[in-house]
Amino acid sequence: MTGCKQEQVKTAAAGPPVVPVSVAKAVEESVPTEIRVVGTVDASSVVQVKSQVAGSLERVGFTEGQNVKKGDLLFVIDSRPFQEALRQAEAAVGRDKAMVTQAEAVLARDSAQAKFAETDAARYAELSKAGVVSKSQYDQSRTGADVSREAVRATQASIESARAALEADMAAVANARLNLSYCEIHAPIAGRTGNLLVHAGNLVKVNDVPLVVINQVTPVFVNFAVPEQHLGSIRRLSAGRKLPVSAIGNDNGGRMAQGALSLIDNAVDSSTGTIKLKGTFDNKDGLLWPGQFVTVVLTLNTQTATVVPAEAVQNGQQGQYVYVVKADDHVEIRPVTAGRAFGQRMVIDKGVAPGEAVVVDGQLRLFPGAQIKAIDPGQLQSGKS
């Protein structure tokens with residue numbers, strides 16, 4: 001009986017067990033002031049590729065979903081009708097050049113005849129004054145000179161007409177060459193192709209349905225809206241520098257794309273009380289995709305604050321609290337006023353001072369005044385003490 005009492009005394013003297021926990025210190029650091037909203041990704045340029053000539057689609061030079069560079073061959077349309085049209089236009093130009101040459105030769109002949117007629121009329125005028133020839137002979141020579149002069153004017157008009165026809169047919173040649181060049185459709189921008197909407201063998205019309213749509217995905221835009229109360233600070237801060245914008249997709253493992261604010265809309269949306277913004281991302285790693293919903297983080301500036309790991313903050317009936325480790329390795333519950341979270345950390349507005357140690361993991365076995373033993377987080381997760 002006496003031995004049992006001594007064993008009970010020893011057990012009572014041993015006290016409560018030491019609880020193994022993971023501990024971290026509250027630190028004071030510069031924390032970014034951020035606005036978090038949901039946004040959507042848009043391609044920086046969207047082009048619907050259409051045909052500018054009608055004909056049979058002979059060949060497709062890419063595969064669906066392929067990245068193409070500006071100038072890459074996309075489609076080939078049957079060019080034979082346009083080659084014939086070009087040959088006809090070139091033949092018309094050759095005919096017009098011959099007509100111009102012929103008219104210029106006629107002009108040279110008529111000019112010579114007109115010069116001779118003028119000289120002959122002048123001679124008859126002198127002879128008529130001397131009474132050597134009759135007046136009717138002089139009038140006849142004068143009329144011949146007038147006829148020759150008018151013939152020169154008519155020939156000059158025919159030359160102008162031939163030259164005008166030549167210019168019109170040369171324009172027709174240029175147009176035929178342009179239509180012939182349209183038989184090969186090249187990528188107007190660098191980007192990613194979508195579904196092929198018209199396949200080889202089909203007839204295409206001028207400016208009809210698009211053959212394919214190309215989205216330029218480097219760079220991309222991210223559109224989002226923030227409450228209008230932030231407009232003043234956004235405008236003030238963006239006046240002197242580019243405000244950084246981050247975008248996080250739901251399917252990229254938490255990887256964050258970095259960009260910059262590029263547009264503040266010119267009016268507040270009165271129906272929602274928000275202002276629309278746009279961020280530009282180079283997207284060289286391809287994290288963002290047009291049409292995707294992303295979490296947008298707009299960073300305005302930085303402020304100094306007390307920060308602890310987010311896992312240290314617990315929720316209780318009286319509000320949020322943390323377990324603070326005292327100098328004697330015992331813990332106390334400390335109510336806190338938590339600010340916003342960023343990454344894996346949380347701002348503490350009130351309740352914890354920089355340098356104080358807080359329990360990060362193992363809180364379920366704690367109680368006010370419990371003695372703790374700080375161990376490595378990996379050991380705690382594996383059950384080692």
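Summed over qualifying helices (DSSP H, 4 residues or more, each -39500 (n - 2.57)) and divided by its residue number, the chain shows a 222 nm mean residue ellipticity of -11500 deg cm²/dmol.
Maximal additional length on extending the Asn301-Gln318 stretch stands at 2.9 nm, based on 0.36 nm per residue less the C-alpha distance. In this structure, Ser233 and Ala327 have a Cβ-Cβ separation that, at R0 = 45 Å, corresponds to a calculated FRET efficiency of about 0.60. At full extension, Glu29 and Arg255 could sit 79.0 nm farther apart than now, given 0.36 nm per residue minus the alpha carbon distance. Stretching the chain fully between Lys205 and Thr40 yields a gain of 55.9 nm (0.36 nm per residue, less the alpha carbon separation).
Computed from the C-beta positions of Glu160 and Ile264 and an R0 of 51 Å, the FRET efficiency is 0.25 to the nearest 0.05. In plain terms, the residue of Phe116, Phe221, Phe62 with the fewest other Cβ atoms within 10 Å comes first and the most crowded comes last, giving Phe116, Phe62, Phe221.
Take the Cβ atoms of Arg80 and Phe293, set R0 to 45 Å, and the FRET efficiency comes out at 0.35.
Extending 7 Å from the Cα toward the beta-carbon at both Thr63 and Ala374 defines two label points whose distance is 5.7 nm. Using C-alpha pairs under 8 Å with a sequence gap of at least 6, the mean separation divided by the residue count of the chain gives a relative contact order of 29 percent. Pick out, from Leu196, Ile333, Gly259, the residue whose Cα sits farthest towards the positive end of the charge dipole of the chain, with +1 on the Cβ of Lys and Arg and -1 on the Cβ of Asp and Glu. About the Cα centre, the residue reaching furthest to the positive side is Ile333.
Taking label points 7 Å from Cα along the Cα-to-Cβ direction, Gln48 and Arg109 give a separation of 6.0 nm.
Each peptide in 245-251, 275-281 was scored by the mean count of other Cβ atoms within 10 Å over its residues; highest first, the order is 275-281, 245-251.
FYI, it's all coordinate maths here, none of it is from the lab. What you see is a predicted model; the values in this text were computed from it and never measured. Reconstructed Cβ throughout: ideal geometry from the backbone, glycine too, with neighbour counts over all protein chains shown.
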